[in-house]
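*Asks:* Have a look at this one.
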Amino acid sequence: MSDRRLLLFNLLRGLAAILLALLVAAIFIFISSDEPLTALKYLLVGPVVSFKATGNVFNTTSFLTVLAGMIPTIFSGLAVCVMFSANQFNLGGEGAIMLGGFVGALLGIYLKMNTGLHQVVCVLAGAIAGGLIMLIPAILKVKLGASEMVTSLMMNYVVMFVILHFLNFVFADRSKGATQTFPFLETAKIPEIVANGTKLTWGFVVALIFVVIIALFMYRTKWGYAIRMIGINQSFAQYSGMQVGTVIILSQVIGGMLSGMGGSIEVLGRFNSFLWRELPGYGWLGITIAILAKNNPIFVPFAAFFIAYLNKGCDLMATYSDVPSEMIDIIQAAIFLFFAAEQFLAKYRQRIVVRNAQRDLALQEAAASQGGSN
Amino acid sequence: MIGDLLLSIFNADFLYSVIRITAPILFAALGAVIAEKAGVVNIGLEGIMMISALFGVLFGYWTQSWFIGVLGAVVIGVLLALLIGFFAFEMKTDIILGGIAVNMLGAGGTIFLLYMFTGMKGNTGSLVTRELLIPTLDIPLIKSIPYLGQVLSGHAVLTYLAFLLVWLIWVVIYKTPLGLNIRAVGENPNAATSIGVSVQKIQYIAIAFSGALAGLGGAFMSMYYSQGWNSGMVAGRGFIALAATAMGRGEPVGTMLSSLLFGLAQALRTKVSGMQGVSSYLVSVIPYLVTIIGLVLYAISIKNKLKKRHAVAKGAE
């Protein structure tokens, strides 16, 4: 009973944080826009409603593109969940995603295989590339104590420029105006679940499967337990005999593999050739999602949906009104601050805890006095 | 090719550009030094630089004074740092997440704010005129020394300030009561509390300092270095500054030296990418790679020192 009330409180608290963030957004929109109501309308309901003269109807296509937008961020969100659970502030998701996408793309162009197997090989290769690159900050942290945050941030830039070098000078398709690779073989492309142009590919299903796998891994295996224990109290984990170094490396390699996998699935599902010319930004979105999900893999799809919805809303708002789509960053920053704030509404939490404790005490006393009278 | 490169490295113009490129990194890195001394991690430096850079240009344009522009950038830097501090200290948001939030504001929020205030998208274009740039200064005597004068004289006022601040911050940290409190709070908050020092107050002061310094770095970027604000301007300098501080062992002078190393790497990148047959992308990797290598070397040296200390302790037994 008391647990349920706390859970409800946590849920309401999260909602309050999100509403507050949206309120901040609304204030900015009202200050900056000549048509604030139009802008708000597209931001809040645009992703699922099409506005017609005859009335507003549910827009299935648009809704499906929102779901498609979740594919890379579910992976990057899961990656951050695993890494942050071990209390490792590894910010290298960006680089791992781009690298995974690039490696997957190259195999999709130059490897000849049967479809079905081809996609699996490309995505696995992307995952391995992402895992390998994360080994660097992980090992530097464990063996030398170098801050994984700083090294992983620097790695992102290194990865990006090295990829750009190969993209421009080795693998470029010179027949195209823009810098991009040759097109992927048809056998490597990840098909849509229903061919309707929404880019909702089978990658979405794979992403949901991985939500379950990672949730089981984190809460049902000894490795997952070790990762969470190290995150809560590293000294305790060490004294109780856990292989702290190995587990920390493991957590980051898993994070890298998930990121790389997300990158390759996104690239092979959404595009015809590799054309990212900068870091894609999914790594940072993954951090927002992990925070919204409180590092719990099961909540990741919901958080990813919320972010994908907001993203789409901001895009629509930028298209149909005068508010720039970068609004999303302001909303995200506000969510970050309030959602992650332990003290936000803590007074009420305190009150619930006190009330529960008093009631438990009263029950105990009642039980005790009953026992006495018998 | 290597010969050409060596020649151009000892060229006075090249060394001048090293100093110029180092200045913004040094500002932010010194900010990280003060924060770290008080036990505060401010990874929002990157975002603070971006936002301050924008407001430096805007304030300068509104008042038609570069000086007020710079002041405005500093004030905004302090406010943002206090925002991180408020959420970290009062609301118990993890300070790293608070920093990332400010970095997000710096990345996309600036584009939004620019549009909100001016209707422009992506860059400030013509807002920055020649008169609104931070002025340069010729140093009287040194100017006339050949070579040395070319390297050291004629820099922006803020460049000199950056290097002056290395000394000033050393003085503040090691020679003033405030500095003593900052170090006490950073090294042992409980001990500091027991002698009546308010840990929170000192941490607020330290993070505000770091915001002011990052603000100066931002103003330098937009009001001198790239002569206007654009969305890709800071390009990881706030993060590089964190690395420089880590490599400089959190000490002002060490941090200055590692900042100069990054300045050198970045200047080298500009130099080499102009050469024939060199991939500008691979050259762009240099500053970031140098950062990682620097961090690794520093980490190894710390590890060896600890080992030696253990060995000495064992020998004494």
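The values are calculated or read from the model by the stated rules, or taken from the named source; none is laboratory data. Here the structure is a predicted model, which is why all the values come from computation and not from measurement. Using ideal geometry, Cβ is built from the backbone for each residue, glycine included, and neighbour counts are taken over all protein chains shown.
*Asks:* For A:Leu361, work out the one condition from (1) aliphatic (A, V, I, L, M); (2) free of Cβ contacts under 8 Å to residues at least 24 places away in the same chain; (3) on the phi > 0 side of the Ramachandran plot it doesn't fulfil.
*Replies:* Evaluating A:Leu361 over (1) aliphatic (A, V, I, L, M); (2) free of Cβ contacts under 8 Å to residues at least 24 places away in the same chain; (3) on the phi > 0 side of the Ramachandran plot leaves (3) as the failure.
*Asks:* Scan B:Ser284, B:Ser280 and give me the residue that is at the interface with another protein chain (Cβ under 10 Å from one of its Cβ atoms), over 24 Å from the mean Cα position of the chain (by Cα) and modelled with pLDDT under 85.
*Replies:* Unique residue meeting the criteria: B:Ser280.
*Asks:* Right, here's the next one. Since B:Leu268 meets every condition but one in (1) surrounded by fewer than 22 Cβ atoms within 10 Å (Cβ to Cβ); (2) within 11 Å of chain A (Cβ to nearest Cβ), which condition does it not meet?
*Replies:* Against the list (1) surrounded by fewer than 22 Cβ atoms within 10 Å (Cβ to Cβ); (2) within 11 Å of chain A (Cβ to nearest Cβ), B:Leu268 comes up short only on (2).
*Asks:* Taking B:Thr193, is it surrounded by fewer than 18 Cβ atoms within 10 Å (Cβ to Cβ), in a helix (DSSP H, G or I) and more than 14 Å from chain A (Cβ to nearest Cβ)?
*Replies:* Details: surrounded by fewer than 18 Cβ atoms within 10 Å (Cβ to Cβ): yes; in a helix (DSSP H, G or I): yes; more than 14 Å from chain A (Cβ to nearest Cβ): yes.
Here the answer is yes, as B:Thr193 does meet what is asked.
*Asks:* Related question: Among the numbered conditions (1) among the basic types (Lys, Arg); (2) within 14 Å of chain B (Cβ to nearest Cβ); (3) part of a helix (DSSP H, G or I), tell me where A:Lys294 comes up short.
*Replies:* A:Lys294 satisfies all of (1) among the basic types (Lys, Arg); (2) within 14 Å of chain B (Cβ to nearest Cβ); (3) part of a helix (DSSP H, G or I) except (3).
*Asks:* Still on this structure, please answer the following. Starting from region B:76-96, keep only residues that are more than 10 Å from chain A (Cβ to nearest Cβ) and under 20 Å from A:Arg349 (Cα atoms), then list their pairs with residues that are buried (at least 21 other Cβ atoms within 10 Å of the Cβ) and not hydrophobic (A, V, I, L, M, F, W, C) whose Cβ atoms are within a distance under 8 Å, requiring at least 6 positions of separation or different chains.
*Replies:* From residues that are more than 10 Å from chain A (Cβ to nearest Cβ) and under 20 Å from A:Arg349 (Cα atoms), there are no pairs.
*Asks:* Hey, among A:Phe274, A:Phe306, A:Phe299, which residue is surrounded by 13 or more Cβ atoms within 10 Å (Cβ to Cβ), touching a strand residue (DSSP E or B) at 6+ places or on another chain (Cβ under 7 Å) and away from chain B (no Cβ under 14 Å)?
*Replies:* So the residue among A:Phe274, A:Phe306, A:Phe299 that is surrounded by 13 or more Cβ atoms within 10 Å (Cβ to Cβ), touching a strand residue (DSSP E or B) at 6+ places or on another chain (Cβ under 7 Å) and away from chain B (no Cβ under 14 Å) is A:Phe274.
*Asks:* Among the residues of region A:313-327, write down those that are assigned to a helix (DSSP H, G or I) and either surrounded by 23 or more Cβ atoms within 10 Å (Cβ to Cβ) or in contact with a strand residue (DSSP E or B) (Cβ under 6 Å, 6 or more places away or on another chain) (or both). I'd like the intermediate steps shown before the answer.
*Replies:* Of region A:313-327, the ones assigned to a helix (DSSP H, G or I) are A:313-320, A:327.
Matches in region A:313-327: A:Gly313, A:Cys314, A:Met317, A:Met327.
*Asks:* Moving to a separate point now. Of everything in region B:263-285, what is in a helix (DSSP H, G or I) and either touching a Leu at 6+ places or on another chain (Cβ under 6 Å) or not hydrophobic (A, V, I, L, M, F, W, C) (or both)? Give them in sequence order.
*Replies:* B:Gly263, B:Gln266, B:Arg269, B:Thr270, B:Lys271, B:Ser273, B:Ser280, B:Tyr281, B:Ser284
*Asks:* In the set B:Leu178, B:Leu257, which member is more than 24 Å from B:Gly72 (Cβ to Cβ) and either in contact with a strand residue (DSSP E or B) (Cβ under 8 Å, 6 or more places away or on another chain) or free of Cβ contacts under 8 Å to residues at least 24 places away in the same chain (or both)?
*Replies:* B:Leu257
*Asks:* Oh, and also: Determine which member of the set A:Met113, A:Met134, A:Met149 is more than 10 Å from every other protein chain (Cβ to nearest Cβ), crowded, with 16+ Cβ neighbours inside 10 Å and either of a type in the set (Gly, Ala, Ser) or farther than 20 Å from A:Asn272 by Cβ (or both).
*Replies:* The match here is A:Met134.
*Asks:* Another question, if that's okay. Name the pairs whose Cβ atoms lie under 9 Å apart, with the first residue in region A:139-153 and within 16 Å of A:Leu250 (Cα to Cα), the second of a type in the set (Phe, Trp, Tyr), and 6 or more positions between them or separate chains?
*Replies:* That search, which allows pairs on different chains as well, returns A:Glu148/A:Phe89; A:Ser152/A:Phe89.
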